[in-house]
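The structure appears right after this line, and notes come after that.
What follows draws every value from the coordinates through simple rules; no lab data is involved. The structure presented is a predicted model; accordingly, all values stated were derived computationally and were not measured. Because the Cβ atoms are built from the backbone with ideal geometry, glycine has one as well, and the counts that use them run over all protein chains shown.
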């Protein structure tokens, strides 16, 4: 039987809740300083490109946040998903990086773990994002790879719980990507609407997801808007434009059936824009106690009542940015770097 990389050296803790602190992990690895600049290789099948600027933008945001740390160096190996691309990518990864020295290899998306296994010999982390686990075809294949990696991770505690043996037979880290607070920030609503060529007066609600993904439940957003309210649906929008759309909207609606994490809710909060969401992913924790938001199972009457004051206001806002800061890309990068250092130190011991 093939043994997982560094199986005995896992030092990250399983989490059964959304804990945004890094204190526990960082404290354990404080004495394990490597004494040199951490070098990591990120392997992923979702990363922005000129053709697909929105693909995996959250992975890119995490990589950039990690690169801002003074003692971390990150290389990225990105490839297109689909069919035999994983085998071709594995061969290219081995050719390009197989003889290089890295302290850790980190794959994003479950199937990418199979490609990463062909790379440099180093502790291997794989972050699960949701679809990779729940998809009827990719799910079993993604989960099968977890037995060969040093540390499985997930973007939320609820997703981590889907890993076989999580918290019982093996640790599973909770490593969200986080929200880019530099990009997502409050902007004057009239200015955002002018830049997008929108009617400066007409209210609308924003559905910030790809409508082709059934679990995002655009049908619920359409039912909420009805004939009375304009609904703007975004698919593949350039990430640099997304803050404009959020700030231009009277409210953001996230009526998903399920979420791996639910970054759209945090992006709206970072802009101080009202958000209505179902209680999945990060939403219950992110929205708790914030006036003007709603976290509830979808029921049109209740959601319409919560939405009404935002449609009537000229510039509806909530006090949400401080909550989003708890899940910033920079803060989550510290969490990831702490896990990397702990694994690398244990591997070197």
Take the alpha carbon atoms of the range 169-223, find their center, do the same for the range 291-307, and report the distance between the two centers in whole angstrom.
17 Å
Expected sort for 106, 97 with the fewest Cβ neighbours (10 Å cutoff) up front is 97, 106
Top mean-square fluctuation among 200, 284, 208, Gaussian network model of the chain, C-alpha springs under 10 Å?
200
Could you work out [θ]222 nm for the chain from helices alone, using -39500 (n - 2.57) per DSSP H run of at least four and dividing by all its residues? Round to the nearest 500 deg cm²/dmol.
-10000 deg cm²/dmol
Translational diffusion coefficient of the range 189-325 at 25 °C, 0.890 mPa s, Stokes-Einstein with Kirkwood Rh over Cα pairs, in µm²/s as a whole number.
168 µm²/s
Cut-off 18 Å (backbone N to label point 7 Å along Cα→Cβ of residue 317), residues of the range 278-295
290-293
When the chain is treated as a Gaussian network with springs between alpha carbons less than 10 Å apart, the largest mean-square fluctuation among 89, 107, 322 is found at 322
Could you work out the relative contact order of the chain? I mean the mean sequence separation of Cα pairs under 8 Å and 6+ apart, divided by the number of residues, in percent.
21 percent
Difference of contour (0.36 nm per residue) and Cα-Cα distance, residue 231 to residue 69:
54.3 nm
Normalised by the number of residues in the range 189-325, what is the relative contact order in percent for Cα pairs under 8 Å and 6+ residues apart?
24 percent
Pairwise label distance in nanometres, residue 297 with residue 223, each label 7 Å out on the Cα-Cβ vector
1.2 nm
Report the label-to-label distance for residue 96 and residue 201 in nanometres (one decimal), using points 7 Å from each Cα along the Cα→Cβ vector.
5.3 nm
Cα gyration tensor category, rounded, prolate or oblate, for the chain with a/c compared to 1.5
prolate
By how many degrees, 0 to 90 and rounded to 10, does the Cα axis of helix 85-97 deviate from the longest principal axis of the chain?
60 degrees
Using Cα springs under 10 Å in a Gaussian network model of the chain, which residue among 51, 65, 113 shows the largest mean-square fluctuation?
51
